[in-house]
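Okay, structure first, notes after.
Each value in this text was obtained by applying a stated rule to the coordinates, not by laboratory testing. What you see is a predicted model, and the numbers here were worked out from it, not measured in a lab. Cβ placement follows ideal geometry from the backbone for every residue including glycine, while neighbour counts extend to all protein chains displayed.
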Amino acid sequence: MPTPAHALYRSLVEVYATHNPDEAAALLPLRRRLLLADDPHDRSTMSGHVTGSGVILDPAGRVLLIFHETLQRWLQPGGHVDPGEMAWEGVLREMREETGAAAAHLIPWCDDPRVPFDIDIHPIPPNPRKGEAGHLHFDFRYLVRLEGRLADRGPEGEVGDVRWFAPGEDAGELSCVAAAMAKLRRLC
């Protein structure tokens with residue numbers, strides 16, 4: 001039987017979809033996933049699971065990214081949602097863990113701050129080391145503000161580097177947040 005998390009995520013996806021009607025087809029796999037009865041965060045669910053990440057901008061318009069050691073690429077900070085958390089709570093925890101910031105806060109973009117600013121559905125390759133098959137991440141992306149000094153390096157083994165990138169000065173690293181950046185430009 002679906003949990004209260006399923007109903008809440010379905011309602012957040014509907015609010016998101018009203019603001020982003022051009023993404024209706026792209027959201028179909030997530031909508032189907034939220035009809036299943038198991039935990040939508042459970043990373044052992046190989047049909048896919050909800051994750052959360054943050055798009056972090058500084059006053060100069062730079063974007064904070066982390067270097068993901070396993071995937072060997074630059075990504076926005078974020079990851080799996082822990083038991084008992086919802087996506088936005090996991091995002092705030094991951095922001096502190098992966099960047100070393102003292103505090104993280106969501107920047108609301110609509111009436112309900114739990115509605116993600118962007119939803120990205122992307123495939124994750126198999127990871128034989130962890131015994132994981134390929135699967136989907138339904139990534140709820142939030143705009144985030146950090147407080148405090150950032151770490152020079154993330155947690156050992158997970159995050160190789162933490163760095164600000166300026167749009168137009170990157171070498172493709174910002175491709176992971178390109179859709180979110182385009183949405184931000186449309187809103188501002």
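Sorting the segments 130-138, 19-27 by their residues' average number of neighbouring beta-carbon atoms within 10 angstrom, most packed first, yields 130-138, 19-27. Multiplying each eigenvalue of the alpha-carbon gyration tensor of the range 66-167 by 5 and taking the square root yields semi-axes of 22, 19, 13 Å, largest first, rounded to whole angstroms.
Using 1/(1 + (r/R0)^6) with R0 = 25 angstrom and r between the beta carbons of R32 and E69, what's the FRET efficiency to the nearest 0.05?
On the way: r = 32 Å, r/R0 = 1.26.
Plugging the Cβ-Cβ distance into 1/(1 + (r/R0)^6) gives 0.20.
A simple spin-label model places pseudo-atoms 7 Å from Cα toward Cβ; at R185 and H19 they are separated by 1.9 nm. Quick one: in the range 60-110, what % of C-alpha pairs are over 15 Å apart? Across the range 60-110, Cα pairs with separations above 15 Å total 54 percent. For the chain, the relative contact order works out to 25 percent when only alpha carbon pairs closer than 8 Å and six or more residues apart are counted. Convex hull volume of the Cα atoms of the chain, normalised per residue: 122 Å³. The range 65-112 and the range 18-43 have Cα centres spaced 20 Å apart. For the chain, the mean residue ellipticity at 222 nm estimated from helices alone is -7500 deg cm²/dmol, where every DSSP H run of n ≥ 4 contributes -39500 (n - 2.57) and the total is divided by all residues, rounded to the nearest 500.
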